[in-house]
Amino acid sequence: MSEPPAPRAPMVRIQGLVKRFGGRDVLRGIDLEVETGSVMCIIGPSGSGKSTLLSCINHLEPYDGGKIWVGGELVGYREHRDRLYELPEHRIARMRARIGMVFQHFNLFPHMTALQNVMEAPIRVKRLPVDRVRREALRLLDQVGLAGKAGQFPAQLSGGEQQRVAIARGLAMEPQLMLFDEPTSALDPELVGDVLAVMKDLARSGMTMVVVTHELAFAREVGDALTFMDGGLVVERGAPRAVLSAPAEKRTQEFLSRVL
């Protein structure tokens, strides 16, 4: 009788995460795991710490307590005799290259075409051959439905198209993990669907994703797990349909009663 396959380690493991701004605790001891190949959706009111959590996972923000592992590797720090020491920037950059991030406001280089935006990081960070990067960038633009827009500048693209370029740019680094920080909140309503469709395809491909979102229908349909945050804490987590249909915590119930 064959042995059952060994369970995969989580892609993201967060233990006791604390982050302060100006003496105020924005994250107050977050414990969270994201399974490899799964989609974790995070919801909650403004100011609950959702975006800060993503920035800590990618070490765009150093944290003040706790630990974060991505792919089994401690993020941003080395540990020696039970103390954490921040890594030098070049090592953080190498670690960050394995984590794609898509922001609310696109953050494309305005002086570069869509194709150049997607090619920039693999050439500069990974120092890959230009011809190889160009072929892959064109493939990624085709994957997100923008094969005919490669030569256009961000100002010539709609918000939804810019966000899809941003997704292609994140994928160009061949990440283990993709982080999405409210990727549709700055878009006109009629443009949201195209971006969500790309994200759904990405989820179906097996990419591990952490998505801060207010799109509850997306969380219900695509998410494997749902986390509700408030006041810098994880208030409730579980299967999306269960949490959205019958939340156990009073604070989750109050929040959903206002947004559903």
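The values are calculated or read from the model by the stated rules, or taken from the named source; none is laboratory data. Just so we're clear, the structure is a prediction, and the values are computed from it rather than from any experiment. Cβ placement follows ideal geometry from the backbone for every residue including glycine, while neighbour counts extend to all protein chains displayed. Just the protein is used for accessible areas: all its heavy atoms, side chains included, with ligands, DNA and RNA removed. Shrake-Rupley method; radii C 1.70, N 1.55, O 1.52, S 1.80 Å.
Take the conditions (1) closer than 23 Å to PRO240 by Cβ; (2) in contact with a His (Cβ under 6 Å, 6 or more places away or on another chain); GLY193 misses just one of them, which is (2). Applying a threshold of 7 Å to beta carbon distances and a minimum spacing of six or more residues, or different chains, the list of pairs starting in the range 171-196 at a residue that is part of a helix (DSSP H, G or I) and ending at one that is small (Gly, Ala, Ser) reads LEU171/GLY100; LEU191/SER158; LEU191/GLY159; LEU191/GLY160; ASP194/GLY145; ASP194/GLY160; VAL195/GLY160. For the range 208-236, the tally of residues that are touching a residue at least 60 places away in the same chain (Cβ under 8 Å), in a loop (DSSP other than H, G, I, E, B) and within 16 Å of the chain's Cα centre (by Cα) stands at 4.
Screening ALA168 against (1) among the aliphatic types (A, V, I, L, M); (2) open to solvent by 30 Å² or more (accessible area, probe 1.4 Å); (3) closer than 18 Å to GLN104 by Cβ; (4) touching a residue at least 40 places away in the same chain (Cβ under 8 Å) leaves a single unmet condition, (2). Name every residue in the range 121-155 that is closer than 30 Å to HIS90 by Cβ, buried (at least 17 other Cβ atoms within 10 Å of the Cβ) and charged (D, E, K, R), in order of residue number. The answer is ARG134, GLU136.
Quickly run through the range 104-120 and pick out the residues that are modelled with pLDDT of 95 or more and either of a type in the set (D, E, K, R) or buried (at least 17 other Cβ atoms within 10 Å of the Cβ) (or both). Selection gives LEU108, THR113, ALA114, LEU115, GLN116, ASN117, VAL118, MET119, GLU120. State whether one or more residues within the range 217-230 are over 21 Å from VAL34 (Cβ atoms) and among the polar types (S, T, N, Q). Taking every residue of the range 217-230 in turn, none turns out to be over 21 Å from VAL34 (Cβ atoms) and among the polar types (S, T, N, Q).
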